[in-house]
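The values are calculated or read from the model by the stated rules, or taken from the named source; none is laboratory data. Just so we're clear, the structure is a prediction, and the values are computed from it rather than from any experiment. Don't worry about glycine lacking a Cβ; one is built from the backbone with ideal geometry, like all the others, and counts go over all protein chains shown. Protein only, heavy atoms only, side chains kept; ligands, DNA and RNA dropped before computing areas. Shrake-Rupley method; radii C 1.70, N 1.55, O 1.52, S 1.80 Å.
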Amino acid sequence: MHDTIRLIHAHELASAPCHHDAAITRQLAQYPAQASADDFLWRVSTTDIRQDGPLDAWVDIDRILLVTGDTPLCLTHTEQQRDTRLDYGGRLYFAGETPYRATLPEGPTHTFDLMFRRKQGHGCVDLRTREQQLPLRPGDTILHCLRGRFRASFPAHLGGERLLDTGDTLHITLDYVPFFKLGLTPLTPGARLADARLNLYPGDQR
């Protein structure tokens, strides 16, 4: 593993259809960087869900789906006929091959998605909206600005401040517990940031 800090601007991200063309997804980061859909170990993306439709199936993949839009998302387990409603900030942990159908009771919404290959890694997802000193840890941290603008403050020897506008992503990879905490400051009212942490199990490390 190599220590890196990379700022990815919104215009660098390509979009692609998913959910049987009912949604548009943007991949923020994955490992390995050049992996295909069949062999990545983890992947982080955002999705604009525009109409009702089934979720894409991902065999042997575990997922965390976080609703980041203002309107809710309803997921129906099509085999068990069980509904799960997720409002802003709600999340669902599930196996990627689970048959779900997404419906939009109040119109289009947005999600932040973390996927990792089963038994090869683990991760978590959170929302950040306030000024704070954010602990970092070994592995990968993906900070994605969902709305507004944030300032991320590093020590001077790591380049100092980075500014994240809407759609920008900060990808931090560390192989140690740093001596500092990352300063996060929202610079606009209502600013939102998604925070994903990922670690590979021993044997799957870089």
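Observations on the model:
- Test: residue in segment 165-185 that is open to solvent by 50 Å² or more (accessible area, probe 1.4 Å), modelled with pLDDT of 95 or more and either under 15 Å from Leu7 (Cβ atoms) or not in a loop (DSSP other than H, G, I, E, B) (or both): yes
- Entirely in segment 1-86, the strands (runs of 3 or more DSSP E) that have 1 or more residues that are in contact (Cβ under 8 Å) with a residue 40 or more places away in the chain: 4-8, 23-31, 42-49, 61-67
- Failed item, numbered, when Phe116 is tested on (1) among the aromatic types (Phe, Trp, Tyr); (2) open to solvent by less than 50 Å² (accessible area, probe 1.4 Å); (3) farther than 26 Å from Cys18 by Cα: (3)
- Of the residues making up segment 86-104, those that are more than 15 Å from Pro54 (Cα to Cα) and of a type outside the set (A, V, I, L, M, F, W, C) are Asp87, Tyr88, Gly89, Gly90, Arg91, Tyr93.
- Gln51 being closer than 20 Å to Thr169 by Cα and either open to solvent by 20 Å² or more (accessible area, probe 1.4 Å) or hydroxyl-bearing (Ser, Thr, Tyr) (or both): no
- Residues within segment 191-205 that are free of Cβ contacts under 8 Å to residues at least 60 places away in the same chain and of a type in the set (Gly, Ala, Ser), tallied: 1
- Looking only at segment 189-204, and only at residues there that are open to solvent by 50 Å² or more (accessible area, probe 1.4 Å) and more than 20 Å from the chain's Cα centre (by Cα), the one that is farthest from Gln132 (Cα to Cα): Gly203
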